[in-house]
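Comments concern the structure below.
Readers should treat all values here as calculations from the given coordinates under stated rules, not as data from a laboratory. Please read these numbers as outputs of a predicted model, since none were measured by experiment. Cβ: placed from backbone, ideal geometry, glycine included. Neighbour counts: every protein chain shown.
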Amino acid sequence: MEHSESYITPVSSEPRKPAPDTLTYEQTDEVNDSPIEQVRLTVSITDDPSLPCLTFRTWVLGLTSCALLAFLNQFFGYRQNPLYVSSVSAQIAVLPIGKLMAAYLPNKSIRIPGTKWSFSLNPGPFNLKEHVLITIFANSGSSPVYALGIITIVKAFYKRKINAIAAMLLTQTTQLLGYGWAGIFRKFLVDSPYMWWPSNLVQVSLFRALHEDENRPKAGLTRLQFFLVVLISSFSYYIVPNFLFQSITALSFVCWIWKDSVTAHQIGSGLRGLGIGSFALDWATVSAFLGSPLATPGFAIVNILASFIIVLYIMIPIAYWNNLYEAKRFPIYSTHVFNADGGLYNVSIILNEKTFQFNRQGYDDYSKINLSIAFVFAYGLSFATLAATISHVALFHGRTIWRQTKASVQDNFGDVHTRLMKKNYDPVPQWWFHSILIVVIGLALLTCEGFGKQLQLPYWGVLLAIALALFFTLPIGVITATTNQQPGLNVITELIIGYMYPGKPLANVAFKTYGYISMSQAITFLSDFKLGHYMKIPPKSMFVVQVIAKLLCPRFICFQLPFFD
């Protein structure tokens with residue numbers, strides 16, 4: 001029987017006695033046998049299954065955090081340097097609120113109308129597992145809804161309208177599709193002790209610092225004291241680059257010294273050049289695109305740095321100043337598309353206004369599409385990244401995956417954390433995942449084939465995108481779980497559908513969204529499941545929180561776009 005799967009209890013039940021927040025190491029006979037040193041040093045090997053999880057506080061604070069982060073990150077995602085508010089912000093903010101609710105809310109049972117069940121407004125002290133589930137809510141809402149980019153393209157760039165129901169179904173199905181097959185890979189990406197998800201250890205460490213009592217070492221600080229010092233210092237410094245001196249967000253000394261030189265700006269500009277000699281004093285700028293370097297393993301940082309130097313400081317300058325693909329006619333670095341004269345490309349000229357399809361004659365009369373040389377390399381290396389991902393996983397992790405496949409049949413692999421989870425909690429049934437997958441695929445087909453086929457993507461395109469995402473989920477999941485870097489499918493999906501179904505711009509972006517984002521959402525689901533695995537959260541509670549958050553997240557942010565104007 002699963003312990004504390006829900007906060008709901010029969011009306012006649014007595015209030016639960018408050019359970020301790022954590023157990024001591026002496027209260028367990030388990031051995032910390034995790035093969036990853038960082039996990040052994042960070043994650044506790046104790047568990048208290050009696051702690052309530054899905055409480056009134058969890059739902060109120062979790063849904064509020066999900067709604068707030070969903071709105072903020074979608075809103076600020078349109079910036080040149082996107083501002084990202086991570087779930088760590090909610091993780092910190094909800095702690096005092098949760099403790100206040102535990103201190104002042106009455107211990108009163110509220111009956112759910114029409115049922116035999118009730119819940120308590122205050123089931124006891126605000127505990128660690130409630131805090132984790134609230135953070136999972138926030139995690140689910142912290143990522144912008146990628147499908148809204150399609151709606152933005154249609155409305156802002158193509159000046160057309162899209163059916164509101166189709167838009168809502170598009171956002172909903174792309175958010176939930178990956179959850180349907182995430183259950184297939186739990187054995188490999190969650191239960192496996194070798195898939196350690198570095199970014200999760202940051203949150204685990206913070207949870208333990210906030211909830212566990214710790215003796216202060218001599219001439220040192222406890223983890224909580226150190227955290228508070230860093231929090232206050234970083235908060236105080238944030239005022240400097242964002243309010244007092246915004247120019248230090250990016251400092252380009254080469255451009256300052258040779259301010260009238262085009263070449264100097266190409267070399268030194270951090271916005272339109274190579275950024276040599278340019279650096280940022282704003283943490284939001286530093287972590288805007290690759291995430292926080294503090295959560296990335298050292299070997300991955302070295303790999304990224306070496307690749308960055310080779311590509312940006314060697315390959316791109318050689319290609320540009322040798323005028324490869326007439327590169328000198330365009331900026332050395334830009335994400336825009338250009339015509340043959342070097343001006344911005346007018347997309348409306350090559351689109352048929354009535355059918356909203358590619359106008360070949362208009363394209364031949366106007367200009368071929370041109371990209372900056374840096375963007376050309378970015379696209380080309382994206383294909384190399386995916387090929388390298390498959391090769392790397394096959395060569396370095398293939399034997400481990402095969403052993404786990406055989407061991408999973410006998411259910412005899414895993415470390416101390418996997419053993420504790422199997423001992424104390426029931427797993428999520430596979431049919432829960434299969435049900436989501438079947439329903440969401442049906443809704444995705446309806447979205448693309450119905451509503452006047454506004455999205456231009458046929459049914460076979462949806463199924464192909466799903467197959468592509470399913471194929472890449474495991475190898476990309478392995479890379480993400482071991483390096484904290486996630487390769488994307490956005491480029492290869494554009495190429496595949498562009499070749500198979502040319503001349504349909506919305507079909508292209510819809511295929512990319514179903515192929516890329518469903519895979520990304522599956523990995524997000526598995527990452528959060530691993531966090532719950534480390535923190536010993538009942539799997540069914542994790543599943544319920546994640547699915548409900550993803551169901552509500554698009555609704556929290558879709559009102560940012562006026563569908564009916």
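Quick one: order Met500, Met101, Met535 by neighbouring beta-carbon count within 10 Å, fewest to most.
Met500, Met101, Met535
For region 251-302, with equal point scatterers placed on the C-alpha atoms only and solvent neglected, what are the log10 I(q)/I(0) values from the Debye formula at q = 0.14 1/Å, to two decimals?
-0.45
Taking the beta-carbon count within 10 Å as an exposure proxy, list Phe245, Phe330, Phe525 from fewest neighbours to most.
Phe245, Phe330, Phe525
Just to check I understand the Karplus step: with θ = phi - 60° and J = 6.51 cos²θ - 1.76 cosθ + 1.60, what whole-Hz values come out for region 447-455, glycine and proline as x?
Residue by residue, region 447-455 yields 4, 7, 8, x, 6, x, 6, 4, 7 Hz.
Can you divide the C-alpha Rg of the chain by 2.2 N^0.38 Å and report the result to two decimal places?
Rg over 2.2 N^0.38 Å, computed on Cα atoms: 1.04.
Using 7 Å Cα-to-Cβ label points, what is the Tyr237/Leu395 separation (nm, one decimal)?
Placing both labels 7 Å along Cα→Cβ, they lie 3.9 nm apart.
For a Förster distance of 35 Å, can you work out the FRET efficiency between the beta-carbons of Lys368 and Ile548, rounded to the nearest 0.05?
0.15
Given 0.36 nm per residue, what is the gain on full extension from Tyr459 to Phe471 after removing their alpha carbon distance, in nm?
Net length gain for the segment: 2.5 nm.
Restricting to DSSP H runs of at least four residues, report the calculated mean residue ellipticity at 222 nm for the chain, -39500 (n - 2.57) per run over all residues, nearest 500 deg cm²/dmol.
Result for the chain, helices only: -17000 deg cm²/dmol.
If you take the square roots of the eigenvalues of the alpha-carbon gyration tensor of region 413-488 and sort them as a ≥ b ≥ c, do you get rounded (a/c under 1.5), prolate (a/b over b/c) or oblate?
It is oblate, given that a/c is not under 1.5 and a/b is not larger than b/c.
Measure out, as a whole number of angstrom, how far apart the alpha-carbon centroids of region 530-551 and region 71-113 sit.
After rounding, the separation between the Cα centres reads 16 Å.
What distance in nm separates the two pseudo spin-label positions at Thr335 and Arg160, each 7 Å out from Cα along the beta-carbon direction?
Once both label points are built, they end up 2.3 nm from each other.
If you take the beta carbon distance between Tyr313 and Val60 as r and set R0 to 60 Å, what does 1/(1 + (r/R0)^6) give as a FRET efficiency, to the nearest 0.05?
Efficiency at R0 = 60 Å is approximately 0.75.
Please report Rg (one decimal) and Dmax (integer) in Å for the Cα set of region 313-376.
Here Rg and the maximum Cα pair distance are 13.8, 46 Å.
Please arrange Val154, Val94, Val88, Val302 by how many other C-beta atoms lie within 10 Å of their C-beta, fewest to most.
Ranked by crowding around the Cβ, least crowded first: Val302, Val88, Val154, Val94.
Once you sort the root eigenvalues of the Cα gyration tensor of region 171-291 as a ≥ b ≥ c, which label holds: rounded (a/c under 1.5), prolate (a/b larger than b/c) or oblate (the other case)?
oblate
State to the nearest 20 debye the size of the charge dipole of region 313-377 about its Cα centre, where the only charges are +1 on K and R beta carbons and -1 on D and E beta carbons.
Approximately 100 debye in magnitude.
Please label the shape of region 141-216 as rounded, prolate or oblate, based on the square roots a ≥ b ≥ c of the eigenvalues of the alpha-carbon gyration tensor (a/c under 1.5 means rounded; beyond that, a/b larger than b/c means prolate, else oblate).
Taking the square roots of the gyration eigenvalues as a ≥ b ≥ c, region 141-216 is prolate.
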